[in-house]
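Report on the following structure.
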Amino acid sequence: MTQPVPPPQPPDPSSYRPPDFGFPMAPQAAPPKVNIAGGIVTAVMTALVVGAAYGGILGATKHEFGYAAVAVGFIIGFAAGKVGGDHVGLAAVGAVLSLASVYFGQLLGEAIMASKQLPVSVPELFFQHFGLLNDAWRADADFLSYLFIAIAAGASFAGMKRAL
């Protein structure tokens, strides 16, 4: 005699569904989007603008503000993180650009101060007498100048993490 129904099989573990307890399960979060090219372009443009603003402040006041250098790094990191997303390469690019931006701002401040005393324009100092401008910056730079340049790089990391 044959059986009309096959014998019971063990349940398939892949078809297991947890019991419903009256509430739906939370959906999976979408993976974060990373836009490396956009983040780099944004970081470069921000570094140029913020570095020029920092140099303008230094040239107008004839005084170095260390916290402004930290703000330069933070703003560059924040902009790169907001547009580019969470990527280690963007954090490194933001840190390097913040170093360059603070240095550029300090050179621009030196050029503005020198152009007020000499019959030479700021672009002429930058493009024709850059060696003299750099030597003047080195003569004016002290330990705190270098320290705030380094802190600006760290602030770039903090700004990027804040943007996410």
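For residues that are touching a helix residue (DSSP H, G or I) at 6+ places or on another chain (Cβ under 8 Å), over 19 Å from F65 (Cβ atoms) and β-branched (V, I, T), tally how many sit in the stretch 80-124. Residues that pass the stated criteria total 5.
Does the stretch 58-97 hold any residues that are among the charged types (D, E, K, R) and farther than 11 Å from A163 by Cβ, and which are they? If the condition is that a residue be among the charged types (D, E, K, R) and farther than 11 Å from A163 by Cβ, then K62, E64 are the ones that fit.
State yes or no: is A155 aliphatic (A, V, I, L, M), surrounded by fewer than 22 Cβ atoms within 10 Å (Cβ to Cβ), out of contact with any Leu (no Cβ under 8 Å at 6 or more places or on another chain) and in contact (Cβ under 8 Å) with a residue 12 or more places away in the chain?
no
Criterion first (out of contact with any Cys (no Cβ under 8 Å at 6 or more places or on another chain) and not in a helix (DSSP H, G or I)) does P123 satisfy it? Answer is no for this residue.
The sole residue among G66, G77, G56, G51 that is of a type outside the set (A, V, I, L, M, F, W, C), touching a residue at least 40 places away in the same chain (Cβ under 8 Å), crowded, with 22+ Cβ neighbours inside 10 Å and under 22 Å from D140 (Cα atoms) is G51. The number of residues in the stretch 61-71 that are within 8 Å of G109 (Cα to Cα) and assigned to a helix (DSSP H, G or I) comes to 0.
Of the residues making up the stretch 64-87, those that are closer than 18 Å to I151 by Cα and not small (G, A, S) number 9. Can you tell me which residues in the stretch 113-164 are farther than 22 Å from A95 by Cβ and small (G, A, S)? Across the stretch 113-164, the qualifying residues are A114, S115, S121, G131, A136, A139.
Each value in this text was obtained by applying a stated rule to the coordinates, not by laboratory testing. All of these numbers come straight from a predicted model, not from anything done at the bench. Heads up, the Cβs are rebuilt from the backbone with ideal geometry, glycines too, and the neighbour counts pull from every protein chain shown.
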